[in-house]
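Read the structure below first, then the notes.
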Amino acid sequence: MNDSLILILFIALGVIVLGGLAFVLLRGPRAPKGGYPQTRDADDVAAPPAEAPEAPAPSRPERPAPVAGRLVRLRARLSRSNSMLGKGLLALLSREKIDQDVWDEIEETLLMADLGAGPSQRLVESLQTRVRIEGTDDPAHVKQMLREELIRLVDPSMDRELALDGAGEDPGVVLVVGVNGVGKTTTVGKLARVMVAEEKSLILGAADTFRAAAADQLQTWGNRVGVRTVRSEQEGADPASVAYEAAETARREGADTVMIDTAGRLQNKAGLMDQLGKVKRVTEKVAPVTEVLLVIDATTGQNGMVQAKVFAEVVNITGIVLTKLDGTAKGGIVVAIQDELGVPVKLVGLGEGPDDLAPFDPEGFVDALLD
Ligand SMILES: Nc1nc2c(ncn2[C@@H]2O[C@H](COP(=O)(O)OP(=O)(O)O)[C@@H](O)[C@H]2O)c(=O)[nH]1
Ligand SMILES: [Mg+2]
């Protein structure tokens, strides 16, 4: 009796186990509820687009410093580098009598700060006129007038907004151009950081194809901030086709903006025209170029400007990025450049660090200049 009971229990248990097993096998595997993700077969994973090799997805992008903090540092660095100009001018304006010699010295001081001949002369002339009309040469008052005239020269009325957004299906297209070594790639990286912080989606295009290292440098920035870099693995590939591919990728993925880093290593104007012209033309087959930023190194002064002018003749520049303002006492170059090219300085570079880029603010700039 006991034996048969045990036997029945065993059989019942066997039926339950086998039934359960059959049930599981017939239903097939199912996803675990909640918790860990389902694994996929290798061929489930979408193949990467063959035409656009790209950076591996970065793990945790860095967060940029807030803009307010950056503007404070801009002031600090500018006033450090420009104290010569400010001190020189204030010393001159504090003379007992502002005679022609003093005016000449003021003009010289402005010239030495790279303000440019035309703007320096215009500034002194308008100051002289005001001093005469207002009948005062009280240093505090003249300093106030100097500040006003400098601000007028830097022209706060110019539109300094960056055209980063496209329209409709089109991404905004930003071309970054300029002579080799001025800070183009660094600027693209810094600007990408700002845009990521503003929750914009963007794609970087490495159209400097002269050296693989140039694309690596851009991709490093891309990885840092968590955006993709479209590049060619081939050294010396056609920059225009990389730019096209980057713009195409941005459009396909519905990105807000594509930013294209170009090469500055160009021997002559014809070569430049050929290459930059083609980059722009080909990119515009995808979407209109919304911003062409010319990067200029502030430490190269008037020389740098001569080279920069060639770029301005080749492409239609919409904004200037003045880099390395941290390394020069000649902040007056801002005025000279705008005067010469008729294009506003929109951004300034103040160091090699990832947050060392700031929007250009005319009044803050002049105050830092005269601090
Ligand atoms: N001090 C300083 N250095 C900068 C600034 N912008 C770029 N640089 C440096 O200038 C060098 C050339 O920059 P890069 O972006 O490679 O120039 P590109 O050839 O125009 O792309 C690098 O060492 C940068 O770190 C800046 O605003 N201040
Ligand atoms: Mg570069």
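The table below gives the values:
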{"item": "For segment 172-317, convex hull volume per residue from C-alpha positions, Å³", "result": "98 Å³"}
{"item": "Accessible solvent surface per residue of segment 172-317, calculated while the other protein chains remain in place, 1.4 angstrom probe, Å²", "result": "37 Å²"}
{"item": "Listed residues SER120, SER157 arranged by accessible area, highest first, probe 1.4 Å", "result": "SER157, SER120"}
{"item": "Between segment 246-308 and segment 97-130, the Cα center-to-center distance that results, in Å", "result": "36 Å"}
{"item": "Carbon plus sulfur fraction of accessible area for segment 81-123, probe 1.4 Å, in percent", "result": "54 percent"}
{"item": "Inter-site label distance for ARG281 and ASP216 at 7 Å from Cα along Cβ, in nm", "result": "3.4 nm"}
{"item": "Total formal charge among the other residues, if their Cβ is under 13 angstrom from that of GLY271, Lys/Arg +1 and Asp/Glu -1", "result": "+2"}
{"item": "Amide H within-cut-off set for GLY319, under 5 Å, with H built and near neighbours excluded", "result": "VAL292, LEU294"}
{"item": "Under 5 Å, built H, 5+ apart or other chain: amide partners of PHE210", "result": "GLY236"}
{"item": "FRET efficiency, VAL306 to GLU253 (Cβ-Cβ, R0 30 Å, nearest 0.05)", "result": "0.15"}
{"item": "Whole-Hz ³J(HN,Hα) from phi, Karplus 6.51 cos²θ - 1.76 cosθ + 1.60, for segment 133-138, glycine and proline x", "result": "5, 7, x, 9, 10, 4"}
{"item": "Accessible surface, 1.4 Å probe, highest first, among residues ASP208, ASP155", "result": "ASP155, ASP208"}
{"item": "Alpha-carbon centroids, segment 338-353 and segment 151-215: separation in whole Å", "result": "12 Å"}
{"item": "Whole-Hz couplings from phi, Karplus 6.51/-1.76/1.60, listed for segment 92-101; x for Gly and Pro", "result": "5, 6, 8, 4, 4, 10, 8, 9, 4, 4"}
{"item": "Separation of the ARG132 and ARG265 label points, Cα + 7 Å toward Cβ, nm", "result": "5.6 nm"}
{"item": "Qualifying GluC sites (Glu not before Pro) in segment 232-302, DSSP loop, other Cβ atoms within 10 Å at most 14", "result": "GLU233, GLU235, GLU253, GLU284"}
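The values are calculated or read from the model by the stated rules, or taken from the named source; none is laboratory data. Because the structure is a prediction, the values reported are computed rather than measured. Note that each Cβ is placed from the backbone with ideal geometry, even for glycine, and that neighbours are counted across all protein chains shown. We work out accessible area using only protein heavy atoms, side chains counted, and drop any ligands, DNA or RNA first. Shrake-Rupley method; radii C 1.70, N 1.55, O 1.52, S 1.80 Å.
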